[in-house]
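Below is one structure, written out as structure tokens; comments come after it.
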Amino acid sequence: MGFPGPWIALIERCIGTCWFSILVNGAPAGFFISTRGLRQGDPISPALFVLAADYLSRSLDRLILGNKEKTFKATRGSLEISHLTYADDIIIFTQAATASLRRLRACLDHYAEVSDQLINLAKSNFYIVEAHEGWSNTIRVEGGFSRGTFPFLYLGVPIYRGVKRSDMFMFLRKKIAARISGWAHRHLSFGGRVTLIKSTLEVVPFHIFQAIEPTIGTLKQLDQQMARFFWGSTSEKKRTHWIGWDQICLPTAEGGLGIRNLKEVLRAFNIKLWWRFREQKLLMGKVYVGQILPKGISTHN
């Protein structure tokens, strides 16, 4: 990457001069040196990881982009994408051909050799549409990965094909239920429940709202969970809901409790996402803008 020798030597001294001690029965027992390690929480650790990940990213781009026999495209004329990466989670797009798979695996093995980072094959899956089911065995043999099925979660967001279903977002209900179960044994007032709903429960689905729109049935189920918690209903005993949830979600100036309505929050996130899409500030906008917008419509106001 062109870093000067003194800078590389400085990093090597930071990595190769770490001493560690092991606690045995609560007392330190001796020291040993680590030749390629950093202390937990070292501030330069993320920077070094980014450098290594950048090397992998450049290698995949050089291997896949521009090669017709390796590049995967959503449609003809769409933007070429070789991979998407966030920290140590990566999705690679390529064609299911024997030669392509072998060169891809060689690229990954080379990166593992130079970085000492191993691929976790137990957590690595490949996904292929049913129309190309015949390539499954080839991918499994050449790549060493197991077959995954749609939908699956990537960075906490469901990736799916076909019709969007409410069961894809079941994990949101489980997260909220897990939070509520931890509070079930406490004697909470209505004010305490409102505070927990505002600070914890209602923000659980916000990450999903920024990337995908859940089904109407999912929103209803989430509202029901929070309403039952607010009124004190449990699996053993149900409480009467004296006021509709939509009225509770009104601002305090209008007689509500100021709890945010999930439908309105989702609408706000959708407007934000659409604006970023139209401005082509997202990779998604650059890939799909030519397929969605009719000819003659500009992507900028």
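In this structure, the pairs whose alpha-carbon distance is over 24 Å, taken from Lys198/Lys238; Lys175/Lys220; Lys68/Lys286; Lys123/Lys175; Lys123/Lys174; Lys174/Lys286, are Lys174/Lys286. The share of accessible area on the chain that comes from carbon and sulfur is 57 percent, using a 1.4 angstrom probe.
Model label sites at Glu133 and His187, defined 7 Å from Cα along the beta-carbon direction, differ in position by 6.0 nm. The relative contact order of region 164-273, computed from alpha carbon pairs under 8 Å that lie at least 6 residues apart in sequence, is 28 percent.
Amide hydrogen proximity for Tyr154: with H placed 1.01 Å from N in the peptide plane, the residues at 5 or more positions away or on another chain lying under 5 Å are Ile159.
Accessible area, 1.4 Å probe, largest first: how do Thr218, Thr252 sort? Provide the component values of the computation, followed by the final result.
Values: Thr218 0, Thr252 100 Å².
My answer, sorted largest first, is Thr252, Thr218.
Ordered by 1.4 Å accessible area with all protein chains kept, Trp274, Trp231, Trp242 run largest first as Trp242, Trp274, Trp231.
Considering only the other residues whose Cβ falls under 13 Å of the Cβ of Arg102, what net charge follows from Lys and Arg at +1 and Asp and Glu at -1? All intermediate terms of the calculation are to be shown ahead of the outcome.
Values: positive: Lys70, Arg103, Arg105; negative: Glu69, Asp109, Glu142.
Value of the local net charge: 0.
Give me the net charge for the shell around Ile176: Cβ to Cβ below 11 angstrom, other residues only, Lys and Arg +1, Asp and Glu -1. Computed value for this residue: +3. Per residue, region 73-139 exposes 66 Å² of solvent-accessible protein surface, assessed with a 1.4 angstrom probe and all protein chains in place.
The values are calculated or read from the model by the stated rules, or taken from the named source; none is laboratory data. Quick caveat: nothing in here was measured; it's all calculated off a predicted structure. Ideal geometry is used to build each Cβ from the backbone, glycine not excepted, and the neighbour counts take in all protein chains shown. Accessible surface areas use protein heavy atoms only, side chains included; no ligands, DNA or RNA. Shrake-Rupley method; radii C 1.70, N 1.55, O 1.52, S 1.80 Å.
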